[in-house]
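Asker: Handing you a structure now.
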Amino acid sequence: MPLQFDIRAVLKSKAPNAKVPEFLIRYLERITHIEQMNAFLRKYPDLKGYDFIDKVIAEELGCSASIDGIENIPTGDRPVIFVSNHPLGGLDGMIIAQLIHRTRQQQAGKQSSCRQLKVIVNDLLMFMEPLAELWAPVSKLGKFSHEQAREQQRMWESEVDVLTFPAGACSRLQRINHSWLIRDLEWQKNFVQRAVEYKRDVVPIYFEGRNSRFFYALAFIRKLLKIKLNIEMLYLVDEMYGARGKHFKVHVLPPIPYTAFDHAKTPKQWAQHTKSIVYGTNH
């Protein structure tokens, strides 16, 4: 039987004892474009990994992307950490992974295999089985499981490159220096600690893009009402489909040697410094 996305299965896995009204399930199915995604899966039942991403971006969404700063993607044998802002909350991760993979293929040559890439994502995305091999899941809604911890440890000790979004959530509308700007939330320090521990240089990335006004308004109102539940996250698939036909630009900035993260700043301060490099270079 072909793979199908199932809202009920996702809800049951995350809240097994919750009773969700049928009208709410139908609404969730509409805003997550379940019928469209399942039609796509039926059309391409055997696609996985980057082949799946290629079809989603080019055919299902009709999007395109270009990369600036290819020369900043390291060609050495040592694995690195790619860190990026997170304006879209999903599509940006697929596009960046695709562009890095294509560049790696070109660097390695047609006769050689390129180094693998793992993308640290919300574990909800593990329901996207065709992409599961690319994901390194972490739980945003529950506890970090022992199995997830072991998988993360094996990843960092391996030779794969890692792509992470240090904000841990997509960008929001924020008041910064008397202006309203779309910016990431505070970047977490984990990537700095891992860079030092595993001797991985950090490659900053700036992704040009934004979600709809509705998304930012909903996030702003939710915060104003002090609602902790990240309601706007439910609309990220709808935002992805709303990006149909758009062209995105990805800027790869010069690598930061792991030795740069010294004791002059705390890991948290180094994380914010890296964030400022990402935004300051392009604005």
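Asker: Fewest Cβ neighbours within 10 Å first, please rank Ser276, Ser171 accordingly. Don't skip to the end; give the middle numbers.
Answerer: On the way: Ser276 12, Ser171 25.
The most exposed by this proxy come first: Ser276, Ser171.
Asker: Let me ask you something else. Which entries of Lys48/Lys275; Lys118/Lys189; Lys55/Lys249; Lys223/Lys246; Lys19/Lys43 show an alpha-carbon separation above 22 angstrom in the structure shown?
Answerer: Numbers: Lys48/Lys275 32 Å; Lys118/Lys189 19 Å; Lys55/Lys249 19 Å; Lys223/Lys246 29 Å; Lys19/Lys43 33 Å.
Pairs exceeding the cut-off: Lys48/Lys275; Lys223/Lys246; Lys19/Lys43.
Asker: Another question, then. For segment 1-85, divide the Cα radius of gyration by the Kirkwood radius and give the resulting Rg/Rh value with two decimals.
Answerer: Values: Rg = 18.5 Å, Rh = 16.5 Å.
Reported Rg/Rh, Kirkwood definition of Rh: 1.12.
Asker: For segment 47-280, what is the charge dipole size about the Cα centre, in debye to the nearest 20, if Lys and Arg each add +1 at the Cβ and Asp and Glu each add -1 at the Cβ?
Answerer: 800
Asker: Among Trp270, Trp156, which comes first, then next, by fewest other beta-carbon atoms within 10 Å?
Answerer: Going from sparsest to densest Cβ surroundings: Trp156, Trp270.
Asker: Order these by the 10 Å Cβ neighbour count, fewest first: Leu218, Leu134, Leu181.
Answerer: The order, fewest Cβ neighbours first, is Leu181, Leu218, Leu134.
Asker: Could you point to the label whose value was computed as Cα Rg over 2.2 N^0.38 Å for the structure here, given (1) 1.07; (2) 1.01; (3) 1.18?
Answerer: Computed from these coordinates, Cα Rg over 2.2 N^0.38 Å corresponds to label (2).
Asker: Describe numerically, in nm with one decimal, the distance between label points set 7 Å from Cα along Cα→Cβ at Glu29 and at Ile231.
Answerer: If labels sit at Glu29 and Ile231, their model points lie 2.3 nm apart.
Every number in this text was worked out from the coordinates using simple rules, so none of it is lab data. Remember, it's a predicted structure, so these values are computed and weren't measured experimentally. Note that we place each Cβ from the backbone using ideal geometry, even for glycine, and neighbour counts take in every protein chain shown.
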